[in-house]
């Protein structure tokens, strides 16, 4: 009987045996995630995005901290440099003038509160800072004999500064906020505006509660003192025709500078004879910018403000509505031109009704040749031609028009006055203009 051999299964590898061994009740396999699997990418992308955002935030934070640190370092360096320059200038001034006192302690607090629309400057050009004691010594204790002027905002004294310079020192009244405003406006404007036709600011004092302004000295006083019999004393002579024409041209150039060569334009707002000062050659300069206003940069250039000024010089549209433009100054200039022509004051209550206010009295006569010669200042008799009188009358008439739009620009007025002054003096420097004698059509 044949014997059957038992079959023997082939030997299995250990790994195969291990693969078949499973715990009881566990029938699925654990799979290792590969780099290309969708699940792996779903987890990795958000992690990378979060890490990138965190890195960007940290970089921005570091950059901001570096910029802040750099600004602080730069500011400290600039402050130190400015202090060194200021100390150097102060030492130079003391060596030059023999002064041994420092600047007023609260100048920055009282001046730098506003910049009137101009770029801020930490140090005023040409404006020295004085202490109250220095100016008290310059005026001999503000002696009454040194008073050369007295206005609504303060008293003006003649004084001699430590370096020998004769100056006009104006002590402002501290009644309310108006005196403080005038002080800030004048220092801020005149330290930035430089023209041979504006009275120069030599310095100022803001020593505690004292407010003083130091101007160049104008030895022949104001135009008012030479023009009107009521204010003229024995020392002030009546101005001849040639001098009056030069005064008119100087004033026109001052307003031209303020209106058309300054950005934004400056409106004087109190242009009048008492604010026109004469130097030793009787050349005129405009002063007193305490009520000045920065004009609008809009097309019509209007500024709404409360009405300030002197009766008789205020333009009608400004007096009625408070709308202030450069043409308001043009009107005031026309009034001054009438004063130069007639010798009358803008408002004279001693004259009969109808003759007491200069503009309405003179305006109808300005276009009538016969009546014009009757209204001319008697002290000018025989000094000028009838043609020159008519030309000045025509310029004055167009400046005092009741409608502001009908008044000329000051550039046009300057160009119309230049030929008249040249006729009197032989030569006169010209001022560039877009127009050639634009008022010529109004003149005979």
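Per-residue answers, yes or no, for (1) more than 30 Å from residue 202 (Cβ to Cβ); (2) surrounded by 23 or more Cβ atoms within 10 Å (Cβ to Cβ); (3) more than 20 Å from the chain's Cα centre (by Cα); (4) outside the structural domain of residue 188 (by TED's automatic domain parsing):
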residue	(1), (2), (3), (4)
251	no, yes, no, yes
263	no, no, no, yes
266	no, yes, no, yes
288	no, yes, no, yes
305	no, no, no, yes
318	yes, yes, yes, yes
351	yes, no, yes, yes
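Before we move on, is residue 424 at pLDDT below 90 and part of a helix (DSSP H, G or I)? Spelling it out, residue 424 is indeed at pLDDT below 90 and part of a helix (DSSP H, G or I). Of all the listed residues (356, 329, 405), the sole one being surrounded by fewer than 18 Cβ atoms within 10 Å (Cβ to Cβ), on the phi < 0 side of the Ramachandran plot, at pLDDT 90 or above and in contact with a strand residue (DSSP E or B) (Cβ under 7 Å, 6 or more places away or on another chain) is 356. Taken together, the residues in the range 142-161 that are part of a loop (DSSP other than H, G, I, E, B) and surrounded by fewer than 16 Cβ atoms within 10 Å (Cβ to Cβ) amount to 2.
When residues of the range 166-183 are filtered for being at pLDDT 95 or above and either surrounded by 15 or more Cβ atoms within 10 Å (Cβ to Cβ) or over 27 Å from the mean Cα position of the chain (by Cα) (or both), how many remain?
Kept after step one, since they are at pLDDT 95 or above, are these residues of the range 166-183: 166-169.
Next cut, either surrounded by 15 or more Cβ atoms within 10 Å (Cβ to Cβ) or over 27 Å from the mean Cα position of the chain (by Cα) (or both) only: 167-169.
The number of residues fulfilling the criteria is 3.
On inspection, residue 383 qualifies as surrounded by 13 or more Cβ atoms within 10 Å (Cβ to Cβ) and over 26 Å from residue 409 (Cα atoms).
The values are calculated or read from the model by the stated rules, or taken from the named source; none is laboratory data. Predicted model, so just to flag it, every value in this text is computed and none were measured. Here Cβ is always computed from backbone atoms with ideal geometry, including for glycine, and neighbour counts include all displayed protein chains.
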